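The values are calculated or read from the model by the stated rules, or taken from the named source; none is laboratory data. Bear in mind that the values here come from a model prediction, so they are computed numbers and not experimental data. Ideal geometry is used to build each Cβ from the backbone, glycine not excepted, and the neighbour counts take in all protein chains shown. Heavy atoms of the whole protein, side chains included, go into the accessibility calculation; ligands, DNA and RNA do not. Shrake-Rupley method; radii C 1.70, N 1.55, O 1.52, S 1.80 Å.
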Amino acid sequence: MKYAIAIRNMGPQSSRNTIRACARIAEQAGFDALFVSDHLCIPPDQTEGSGGRYLDVLATLAFIAGATDEIRLGVSVLVVPYRPAVLTAKQVATIQELSGERLILGVGVGWMKPEFDALGVDIHKRGAITDETLAVIHHLFSADVPGAYNGPLVRFPSFVFLPRPKRPPIWVGGNSPAAMNRVLKFGDGWHPMLPAAELKVKVEELLARARTANHPAPEIVVRRGLRLDDLDAARAKVAAEQEAGATYFIYDLGRYPDEASFAKSVETFMSKIAR
């Protein structure tokens, strides 16, 4: 099992100094990666915990890339329909290039209707837009001068796509059959939000389908909070996720107040729970 940690890019903890400090603490602690979360247009009735303050995830990862050297950088998850396909591919390629190919691209279709409304995106087309964008990313990362693309939602002529670093791994979020299909068509990992009790059967199903399709076994990613005041229970929870088939564990501290609290939780997790 590999371990990563979520860093808050929202609320008062999303200051320049706190984000940079937490990123460096995570890197020094030995986490495989750190992750940030995506919202662009928080409605007034959904601001609890953040105050409506959210930093753009891709810009935040670019900032963190310059403040770190080795830790991988991920988004859990990028709401794909919020952004134009070609622009997304260029931003992803830029962060991947400047970070030294440390990016992990977690992707999802989104759920918050007021956010879709604010961005002028039809929520009913979110699955189709996501599939098209992922197809565009694969297409553009395939060659320095990829051919013209003519899809049902996106069309463009051939153009130079440089820099063209190695395509980052794509981890598909979501619990639905459509999300699992998306893993096998476009992805390198599955990032569901299922409890361990339900995860095992779905993982077995996905791995069987991957074998049938000659698709490499996907990374199975979970993101969980833990109560560090009961270490035995925390260890048991992580073990249950692994038993259910998870290969990658993102530790979510929740609303830590500052970098000192973050550092304390990180030390406890890495010394007492991670194995």
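Summary of computed values
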read-out: Odd one out for Thr68 among (1) under 28 Å from Leu119 (Cβ atoms); (2) open to solvent by less than 30 Å² (accessible area, probe 1.4 Å); (3) not hydrophobic (A, V, I, L, M, F, W, C); value: (1)
read-out: Condition check for Glu101: out of contact with any strand residue (DSSP E or B) (no Cβ under 7 Å at 6 or more places or on another chain) and either open to solvent by less than 20 Å² (accessible area, probe 1.4 Å) or in a helix (DSSP H, G or I) (or both); value: no
read-out: Criterion: open to solvent by less than 40 Å² (accessible area, probe 1.4 Å), at negative phi and in contact with a strand residue (DSSP E or B) (Cβ under 7 Å, 6 or more places away or on another chain) - qualifying residue of Ala246, Ala210; value: Ala246
read-out: Among residues of the stretch 122-146, those that are over 21 Å from the mean Cα position of the chain (by Cα), more than 16 Å from Leu87 (Cα to Cα) and open to solvent by less than 40 Å² (accessible area, probe 1.4 Å), counted; value: 1
read-out: Residue under evaluation Pro169, criteria (1) under 21 Å from the mean Cα position of the chain (by Cα); (2) surrounded by fewer than 12 Cβ atoms within 10 Å (Cβ to Cβ), criterion not met; value: (2)
read-out: Qualifying position, being in contact (Cβ under 8 Å) with a residue 12 or more places away in the chain, open to solvent by less than 40 Å² (accessible area, probe 1.4 Å), closer than 22 Å to Gly127 by Cβ and not β-branched (Val, Ile, Thr), among Ala196, Ala179; value: Ala179
read-out: Qualifying residues in the stretch 2-15 (those that are within 19 Å of Glu267 (Cβ to Cβ) and part of a loop (DSSP other than H, G, I, E, B)) - the one most open to solvent (accessible area, probe 1.4 Å); value: Arg8
read-out: Residue within the stretch 250-264 that is of a type in the set (Ser, Thr, Tyr), buried (at least 17 other Cβ atoms within 10 Å of the Cβ) and within 17 Å of Val221 (Cα to Cα) present; value: yes
read-out: Residue count, the stretch 207-220 (criterion: touching a residue at least 12 places away in the same chain (Cβ under 8 Å) and either under 23 Å from Ala4 (Cα atoms) or among the small types (Gly, Ala, Ser) (or both)); value: 7
read-out: Search result, residues across the stretch 22-44 that are touching a Phe, Trp or Tyr at 6+ places or on another chain (Cβ under 9 Å) and farther than 19 Å from Arg102 by Cβ; value: His39, Leu40, Cys41, Ile42
read-out: Set Arg235, Arg223: member being crowded, with 17+ Cβ neighbours inside 10 Å and touching a residue at least 24 places away in the same chain (Cβ under 8 Å); value: Arg223
read-out: Residue count, the stretch 111-121 (criterion: in contact (Cβ under 8 Å) with a residue 24 or more places away in the chain and open to solvent by 20 Å² or more (accessible area, probe 1.4 Å)); value: 4
